[in-house]
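S.K.: Here's a structure for you.
Read-outs throughout are calculated quantities, based only on the coordinates presented, and are distinct from any laboratory measurement. Because the structure is predicted, anything quoted here is derived from the model rather than measured. Cβ sites come from the backbone with ideal geometry, for glycine too, and all protein chains shown count toward neighbours.
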């Protein structure tokens, strides 16, 4: 180890602990270490730094502090890997000159410090400095997604145009949602109509013959009621759809359109294709049901 100057030791003792330890490691020409990953080097620097700070806090002269630092380093190298009894003998052999430099009072204080700290935990120090630490460094593969480069600002839209288009887009999405809901409602109505028509047909075909005037009138009422219910439901659904379309059209036309987009498009109320097809399908089924009911009534009258 290169000779340590008194002003260097004084500087180490006068600065913050972490910086002082780094300064000491640099003076001792130790390689840079990480306190978490290289515990052996960290404990080694701690051992030397604590010796320096003990002597400085007890008021030893800076020359005496420098001698203690050199002694602590030589003593650790001489007793490393040896049993405790050999370490005690080594301390006595090396500390002969130390007593002359420190004086009786300071030498006694320093001896008490060494035996209450280093010698008390000697087995731990020996284990740390003679055993290599097993390292377990995990290697994890991470996928890095490079962000998409932004477009040129010259291609951007003014804020008011972007806000307008987002509102129109929201209304278009709402319109598509309404159309999807209408399809589901129409399918449900068609299934209910078919079930009601089948129930009427089953009631007609299961009637006892010959038919009476009362039973014949009841059959006619059931057929007319089924047809009326189906038509009323279809009309109600159509009126509701027209109202929703008008409200959406009114919301779109009430939005202040930016002048840069030109005149607004012409809106005209759309006739739902699914509604027309569904209505025709229900009407065809109702006519088929009426025709089958009339045939059954004619055959019943003939038999009567």
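S.K.: Ranked from highest to lowest mean number of other Cβ atoms within 10 Å per residue, what is the order of the peptides 212-224, 149-161, 12-24? The partial results should precede the final answer.
M.R.: Working: 212-224: 13.5, 149-161: 8.6, 12-24: 15.1.
The packing order, highest mean first, is 12-24, 212-224, 149-161.
S.K.: How many nm is it between the label spots at residue 209 and residue 132, if each spot is 7 Å from the Cα in line with the beta carbon?
M.R.: That separation, rounded to one decimal, is 10.6 nm.
S.K.: Then there's this: Multiplying the sequence separation of residue 192 and residue 105 by 0.36 nm and subtracting their Cα-Cα distance, what value in nm do you get? All intermediate terms of the calculation are to be shown ahead of the outcome.
M.R.: On the way: separation 87, 0.36 × 87 = 31.32 nm, distance 10.85 nm.
So the chain would gain 20.5 nm between residue 192 and residue 105.
S.K.: Considering the zone a paramagnetic label at residue 43 would reach in this model (a point 7 Å from Cα along the Cα-to-Cβ line), which residues of the range 123-155 have amide N under 20 Å from it?
M.R.: From the range 123-155, the list is 123-137.
S.K.: Same structure, new question: On a C-alpha basis, how far is the centre of the range 225-243 from the centre of the range 78-99 in Å? Whole number, if you could?
M.R.: So the two Cα centres are separated by 107 Å.
S.K.: Report the far tail of the P(r) of the range 6-130, meaning the percent of Cα-Cα pairs longer than 22 Å. Show your work: numbers first, answer last.
M.R.: Values: 2686 of 7750 pairs.
Roughly 35 percent, rounded to a whole number.
S.K.: Can you tell me the length gained on complete extension of the stretch residue 165 to residue 248, counting 0.36 nm per residue apart and subtracting the Cα distance?
M.R.: 28.4 nm
S.K.: May I pose another question? Any idea how far apart residue 6 and residue 260 come out in nm if each label point goes 7 Å out from Cα toward Cβ?
M.R.: The answer from the label model is 7.9 nm.
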